[in-house]
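Undergrad: Attaching a single structure in structure tokens format; questions to follow.
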Amino acid sequence: MDDIILMARAAKKRMKTNFWADCKKNMDESALKAKINGFNENKAKSTYKGRLKSELKGEKDDEFYLTVKNILDSEGEVSDILGRLTDKSVYEKLSYDEKQRYNLQLSSKYLAALKKYRREKELAL
């Protein structure tokens with residue numbers, strides 16, 4: 001019951017502070033900026049909507065993505081990225097098969113984070 005009350009209070013606060021009007025203005029500005037830069041307006045709007053939804057749900061970028069983002073911002077794409085992202089203390093304790101599985105999962109997570117990073121940079125978010 002407390003969750004519903006908290007959600008209602010948050011919604012009321014958004015209504016009082018013109019949150020939705022500001023969101024619409026920001027989304028329109030984002031779409032206009034994308035159009036001026038030669039990008040797809042709808043893609044910019046959908047990206048903005050996705051970020052807004054995650055913000056409203058209270059989701060934050062996970063630690064892994066933030067680590068990848070910091071590396072890419074500071075050094076660009078490096079050849080030893082999987083080595084840098086590997087948790088050495090966990091990796092040393094794994095068997096050969098588990099190490100292979102760990103590397104595949106890490107690679108998959110990295111590619112997803114890289115895709116998200118490129119999408120954000122493309123739209124200059």
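The values are calculated or read from the model by the stated rules, or taken from the named source; none is laboratory data. Only a predicted model underlies this, so the values are computations on that prediction, with no experimental measurement involved. Here Cβ is always computed from backbone atoms with ideal geometry, including for glycine, and neighbour counts include all displayed protein chains. For accessibility, only protein heavy atoms count, side chains too; no ligands or nucleic acids. Shrake-Rupley method; radii C 1.70, N 1.55, O 1.52, S 1.80 Å.
Undergrad: So which residues in region 92-124 are surrounded by 13 or more Cβ atoms within 10 Å (Cβ to Cβ), touching a Lys or Arg at 6+ places or on another chain (Cβ under 8 Å) and farther than 18 Å from Glu77 by Cβ, if there are any at all?
TA: Leu123
Undergrad: On to the next question. In the list Lys93, Lys121, which residue meets the criterion of being of a type in the set (Lys, Arg) and either in contact (Cβ under 8 Å) with a residue 24 or more places away in the chain or part of a helix (DSSP H, G or I) (or both)? Please lay out each step first, then the result.
TA: Details: Lys93 fails: either in contact (Cβ under 8 Å) with a residue 24 or more places away in the chain or part of a helix (DSSP H, G or I) (or both).
Result: Lys121 is the single residue among Lys93, Lys121 that is of a type in the set (Lys, Arg) and either in contact (Cβ under 8 Å) with a residue 24 or more places away in the chain or part of a helix (DSSP H, G or I) (or both).
Undergrad: Which residue pairs have Cβ atoms under 6 Å apart, sit 6 or more places apart or on different chains, and have a first residue in region 26-51 that is open to solvent by less than 80 Å² (accessible area, probe 1.4 Å) and a second that is among the aromatic types (Phe, Trp, Tyr) and in a helix (DSSP H, G or I)?
TA: Met27/Tyr48; Ser30/Tyr48
Undergrad: Do we find that Leu72 is outside any loop (DSSP other than H, G, I, E, B) and under 28 Å from Lys24 (Cβ atoms) in this structure? Outline the logic, then answer.
TA: Details: outside any loop (DSSP other than H, G, I, E, B): yes; under 28 Å from Lys24 (Cβ atoms): no.
No: the conditions fail for Leu72.
Undergrad: I need every pair where a residue in region 1-21 that is assigned to a helix (DSSP H, G or I) has its Cβ under 7 Å from the Cβ of a residue that is open to solvent by less than 70 Å² (accessible area, probe 1.4 Å), sequence separation at least 6 or different chains.
TA: Trp20/Arg14
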